[in-house]
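Each remark here refers to the structure printed beneath this line.
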Amino acid sequence: MQPAAVQISGRLPVVSEYGKGTVTIMNQEPVTSLKGIGEKTAALFRKIGVETVEDLIHNYPRAYDAYEEPVPVGKLTEGGIFAVSGQLVKAASVKRFNHMQLILAAMKDLTGILQLAWYNLPYLAATLQPGKILVFRGRVARKNGRLVMEQPEVFAREAYEAVMGSMQPVYGQTKGLGNKVITKAVAQALDQGEMVREYLPEALREKYQLAEYNYAIRHIHFPENRTELLFARKRLVFDEFFFFVLSVRRLKEQHQDAASPYVMKEMPQVAELVSRLPYRLTGAQKKVLSEVQKDLGSGLVMNRLIQGDVGSGKTIVAVLALVQTALNGCQGALMVPTEVLARQHYESITRLAEDYGLDVRTVLVTGSMTAKEKRLAYEQIADHQADIIVGTHALIQEKIRYDRLALVITDEQHRFGVGQRQALGEKGCGAHVLVMSATPIPRTLAIILYGDLDISVIDEMPADRLPVKNCVVPTSYRDKAYQFIEKEVQAGRQAYVICPMVEASELIQAENVLDYTKVLRQRLPEEISVEYLHGKMKPKEKNRIMERFAAGEIQVLVSTTVVEVGVNVPNATVMMIENAERFGLAQLHQLRGRVGRGRHQSYCIMVNAAGQEAQERLDILNRSNDGFYIASEDLKLRGPGDFFGLRQSGDLEFKLADIFTDAGILKQVSQEVDRLLQEDPDFGAQEHRLLGKRLLEYLGKSSGTLNL
């Protein structure tokens, strides 16, 4: 695989005449302004997060379909997508079972015979005449000891030669909105849109061999080849990092040495609570708690990140800080990414206060509460009848009025972003800010990404936690895995099954939640309750499913990665991850952290559908349960161009950039931002004015001066 730093000077336009006209950065026209998109299609686009033409242009492909030269049957391997050219051996046969139609055929070339299979495409039978020479393209699987190409595309030789060598974009889709419709809309938006005037200084682009902006946008969607794609992506990744790091530096300037009116002394009740807990805090937890308490009493605003691996015990440190705040007569707020998690934290803090006789009152605020429930909660907060407020992003709504809000804690901060974190912090004038993350990021990168925060690390696991037992297996292991899940459920346990997709895609070959749920319901005994969960469900439905799973009413939950920071279910002992090769290692480690939270032995089964090529990377997870080790090893193993289908850190506000794969670019950006802010902090120089304007757009401002 070629690295991103391809020698492109002289062949691709680093500096070009693109976009020398007016500055048109944001196109906020609705997608209905495009030909062929009516209200019905626009509603489907909204489901994938696209409302405006600007949204559409920045809705980047999630993968690319490369039409490569056909290979001989004898060189096919399990798990890969290939094209083969050959002669159909005999007429296709049609079989019916379980309300499905299965078309079976076979083709041959000089090196062997390949079985072909299609589901619910009866019209194909007439095309598949014996003796015909065709090109078939699809994913190869092993069934009953022989290779089978499932659901392949069918081409006449000339038709395949016309697309061979091209790269077709594959977008995130939803039912009723296929890849072809999205591709056509994007092409139309790019063809009709105005050019954007280049805003990065020419010297900077030449220094790092960065494509011109308009070129990058067009070629991230429609690259002619891999070199063009990497070139376009590198520019857009640079931009994403550049504006993110600029905004972080801006926060740092605002926060540095800021005085806080909330100087909180250490309370003896907190030390007594620590001594009475049913478990002993680890040395790392005690150290971090001490750092937090020192900050709270310093007279300066605390801005601290607690980084700790999954299950390292960050939450109890946060709760102890909230209790100390409440006992000092102030309010503390804890913001988490999901309603189920908010409710769980609310219940555990309430129970802790009752069990240990603490005079601390807790209130819950979530988006799904009724108007009456919200009104009552708002009154309790405003009148200081509540000391600790737990909730989702609803905590930053304007209607909430706090009374002496002195501490703001965000859990899994990368899911909220810099803007939301700042908005909650501003609810309390001079409030202390504590953010927590279980994403294992190497320290050198964390210092850049969280540049406005002091960093504390909990790098020690509680002694009573049983390490999760791991295995990486091929797809042929599924039957054994189902038997194992059944055995665990019969012993009173529960299981997660993770799929990379919500529903079947016309182009991406990967397991999906909806179809997999049907399969498991057929394979497991009727008394085992199997349900599904995914991000496209309504919030109330997601909460209902997670609450039923937490209560033990659902035994097997088939889900997308939406469970990554879900509810704590100590009874769940199996995590089975399909198409594990499609996830970044950091994300796989986060998913694995959903199990191993109780007293029973837990297991993680990672199903590798890509064969040997992905095995080395996945074996890192086999060797260790240490998230920081996994992150650093993955950083060493993966090259700068190795990003297809893998998202390590997709929740860190980036659409394209990945902090692991693109670590080198992130470090370059950090140096350039430091240099820029030293030389021209107000963006007054001629070559920086458009950059300053773009930064204001990024920060969501329409006017005003930069306070950097």
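The values are calculated or read from the model by the stated rules, or taken from the named source; none is laboratory data. Remember, predicted model here, so these are calculated numbers, not experimental data. So basically every Cβ, Gly included, is an ideal-geometry build from the backbone, and we count neighbours across all protein chains shown. These area figures cover heavy atoms from the full protein model, side chains too; ligands, DNA and RNA do not enter into them. Shrake-Rupley method; radii C 1.70, N 1.55, O 1.52, S 1.80 Å.
Around the Cα centre of the chain, unit charges on the Cβ atoms of Lys, Arg, Asp and Glu (plus for the first two, minus for the last two) sum to a dipole of about 1620 debye. Rounded to 0.05, the FRET efficiency of the residue 42 and residue 266 pair, given R0 = 51 Å and the Cβ-Cβ distance, is 0.35. Highest-first packing order for the peptide set 571-583, 68-80 is 571-583, 68-80, based on the mean count of other beta carbon atoms within 10 Å. Length gained on full extension, residue 96 to residue 368, computed as 0.36 nm times the residue gap minus the Cα-Cα distance: 93.4 nm.
With both labels modelled 7 Å from their Cα along Cα-to-Cβ, the residue 526 to residue 568 distance reads 3.8 nm. Cβ-Cβ distance of residue 146 and residue 490, R₀ of 60 Å, FRET efficiency by 1/(1 + (r/R0)^6): the value works out to about 0.95. Only lysines eight or more places from residue 108 in sequence, or on another chain, were considered; those with a Cα closer than 25 Å are 75, 90, 95, 132, 143.
Counting only heavy atoms of the protein chains and using a 1.4 Å probe, residue 252 has close to 80 Å² of accessible surface.
Quick check for you: which residues of segment 303-328 have the amide N under 14 Å from the point 7 Å beyond the Cα of residue 443 toward its beta carbon? What the label zone holds, given the 14 Å backbone N cut-off, is 307-308. Placing 393, 221, 58, 255 in order of accessible area, with the largest value first and a 1.4 Å probe, yields 393, 255, 58, 221.
Partners of residue 374 within straight-line reach, counting lysines whose Cα lies under 27 Å from its Cα and excluding those fewer than 8 residues away in the same chain: 399, 427, 536, 538, 540, 542. Computed from the C-beta positions of residue 127 and residue 471 and an R0 of 45 Å, the FRET efficiency is 0.60 to the nearest 0.05.
In terms of its C-alpha gyration tensor, segment 123-168 has an oblate overall shape, because the principal axis ratio a/c (a ≥ b ≥ c, square roots of the eigenvalues) is not below 1.5 and a/b does not outweigh b/c. With an a/c value of 1.5 or above and a/b not larger than b/c for the gyration tensor axes a ≥ b ≥ c computed over the alpha-carbon atoms, the chain is described as oblate. Taking Cα centre as origin and charging only the Cβ of basic (Lys, Arg, +1) and acidic (Asp, Glu, -1) residues, the dipole magnitude of segment 213-304 rounds to 220 debye.
For the chain, the share of DSSP beta bridges that are antiparallel, to the nearest 5, is 40%.
Toward the positive end of the charge dipole of segment 25-141, with +1 on the Cβ of Lys and Arg and -1 on the Cβ of Asp and Glu, the farthest Cα among 114, 33, 52 is that of 114. From most to least packed by mean Cβ count within 10 Å, the peptides 328-338, 39-49, 295-305 give 328-338, 295-305, 39-49.
In percent, rounded to a whole number, the relative contact order of the chain is 13, using alpha-carbon pairs under 8 Å and six or more apart.
Residue ranking by accessible heavy-atom surface, 1.4 Å probe, largest first, among 171, 532 comes out as 532, 171. For the chain, the longest principal axis of the C-alpha atoms and the axis of helix 371-382 are separated by about 40°. Considering only C-alpha atoms, what is the centroid distance from segment 651-691 to segment 230-288, in Å? Cα centroid of segment 651-691 versus Cα centroid of segment 230-288: 21 Å apart. Against the chain, whose longest principal axis comes from its Cα atoms, helix 314-327 is set at around 30 degrees. With the simple spin-label model, which puts each label point 7 Å out from Cα in the Cβ direction, the residue 175 to residue 455 separation comes to 4.4 nm. Think of it as helices only: each DSSP H run of n ≥ 4 in the chain is worth -39500 (n - 2.57), and spread over all residues that comes to -11000 deg cm²/dmol at 222 nm.
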